Amino acid sequence: MKYFLILFIPIIYGSCVFNCKTYLRKEIKPLELKGIVKSKINSSIGCFGDISLLQNNEVIVLKDVCSCVRKEQGLWNYVIEGDSIYKRSGSITVEIWRNNSKTSFEYPCCSY
């Protein structure tokens, strides 16, 4: 029994750890975004919130966007309703267009 626990606990721990690099590679890089920001909703806990945008007459929600990040990842703090948002597939750079000017951010990621 003792050996089972020694082997089992690292497996459980390893499977519960959030990995930002893996998340960005698998979930964010493939996304293509080209829409208008409709709203931002703060999470009730932590440093997260959702950004909803209208893209091709469809509402897309970016869930759990991290706000407790360095300045170059400050997408959540910068974006407002009405901004245009663009991200090409294969990239983690998000462009925000407002009043004919562009501001770019790395897609923010922080651990849960």
Practice prompt. State all residues of region 29-47 that are closer than 13 Å to TRP76 by Cα, among the polar types (S, T, N, Q) and outside any strand (DSSP E or B); if no residue qualifies, say none.
Written response: SER43
Fill in: Residue satisfying condition, being more than 23 Å from LYS21 (Cα to Cα) and of a type in the set (D, E, K, R), within set ASP83, ASP50, ASP64
ASP83
Worksheet item: Applying the selection to region 63-112, what residues are surrounded by 14 or more Cβ atoms within 10 Å (Cβ to Cβ), part of a loop (DSSP other than H, G, I, E, B) and in contact with an Asp or Glu (Cβ under 6 Å, 6 or more places away or on another chain)?
Response: ILE92
Worksheet item: Which condition number does GLU27 fail, the rest of (1) farther than 17 Å from CYS109 by Cβ; (2) at pLDDT 85 or above; (3) not small (Gly, Ala, Ser) being met?
Response: (1)
Worksheet item: What are the residues in region 30-57 that are of a type in the set (A, V, I, L, M, F, W, C), out of contact with any helix residue (DSSP H, G or I) (no Cβ under 9 Å at 6 or more places or on another chain) and at pLDDT 85 or above, if any?
Response: LEU31, LEU33, ILE36, VAL37, ILE41, LEU53, LEU54
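The values are calculated or read from the model by the stated rules, or taken from the named source; none is laboratory data. Note that the coordinates shown come from a computational prediction; the quantities given were computed from them, not determined experimentally. Backbone-built Cβ (ideal geometry, glycine too); neighbour counts: all protein chains shown.
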